[in-house]
């Protein structure tokens, strides 16, 4: 009877085979075991949240307001009474000069308005952890707003450079031949000119050249300049990876089933070289933040009506001669913390995504 039943009832299906975790899951697991990498990740995320809040106006929105006396020192226990008195004191004449000035009757009203506005600003800025600058602006608000500008410039320029380098490297490495020769010529032209001279030449073109009228304000010129000169390193690495992968078995199999060139380039090869692209993207963010600081320090970066870590360092140069060190410390502390954390996170990502460690 059992033999008959065994012939009628099919054997039980085997249990589903366990699936190996994806590349990204394995990379995240390795990253979580790296304490330095995780601490750096949280610091970078905190800065990015701060940049987002500054972008929507919840942080650093009043960095242009004069909330203290010029060069007010750092304080953590509230504003000094003399500072409050100096800020809230009326600055308009309060004497009877109606015989010679027709606007004299309005001075009292203007004095009251000015005192009220100054009092509100002083109440909001009773604590200045990093003091005030030469015209009484809160240095901490400037550092937060400067972080927004500098980090946005670094991230946007890194994306532009990574996009250009990845696209050109994929074309040169995959097709080879005349396409590779042409792109190699373009690459050699860009690398034959010293990096800093090329940056200064493009900066001058955007500042006073024929492009000045179209890009007279904002961070777009800095992003374009850094992205246009920073793609060469990514191009070289991506080109080498594509030359190595284009003859692999999985690419030949995709070609055999009729996959197009674009599908093989970006659907099959690109995911397998994405770790190189992401690591280069992270490295270029740090590099471009430093470059923006240098350009703004030299007056070739963001416009004068904006603030960045570079413009703060440029102002601190003259303040340091007078013994006013707090703006230099604020800009340096913010920049050093973010750049160091991002560099350590990049090293951790490189280790986590290295195919040899999978």
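The values are calculated or read from the model by the stated rules, or taken from the named source; none is laboratory data. Everything quoted here is computed from the prediction, not taken from an experiment. Backbone-built Cβ (ideal geometry, glycine too); neighbour counts: all protein chains shown.
Checked against the criterion of being part of a helix (DSSP H, G or I), crowded, with 23+ Cβ neighbours inside 10 Å and assigned by TED's automatic domain parsing to the domain that holds residue 177, the stretch 256-279 has at least one qualifying residue.
Tallying residues that are in contact (Cβ under 8 Å) with a residue 60 or more places away in the chain, touching a helix residue (DSSP H, G or I) at 6+ places or on another chain (Cβ under 7 Å) and part of a helix (DSSP H, G or I) within the stretch 27-37 yields 5.
If you go through the stretch 297-325 and keep only what is within 30 Å of residue 36 (Cβ to Cβ) and in contact (Cβ under 8 Å) with a residue 24 or more places away in the chain, you end up with 308, 309, 310, 312. For residues in the stretch 203-235 being modelled with pLDDT under 85 and part of a helix (DSSP H, G or I), which is surrounded by the fewest Cβ atoms within 10 Å (Cβ to Cβ)? Looking at the filtered set, the residue picked out is 208.
Are any residues in the stretch 236-255 in a loop (DSSP other than H, G, I, E, B) and either in contact (Cβ under 8 Å) with a residue 40 or more places away in the chain or surrounded by 15 or more Cβ atoms within 10 Å (Cβ to Cβ) (or both), and if so, which ones? 246, the sole residue that qualifies.
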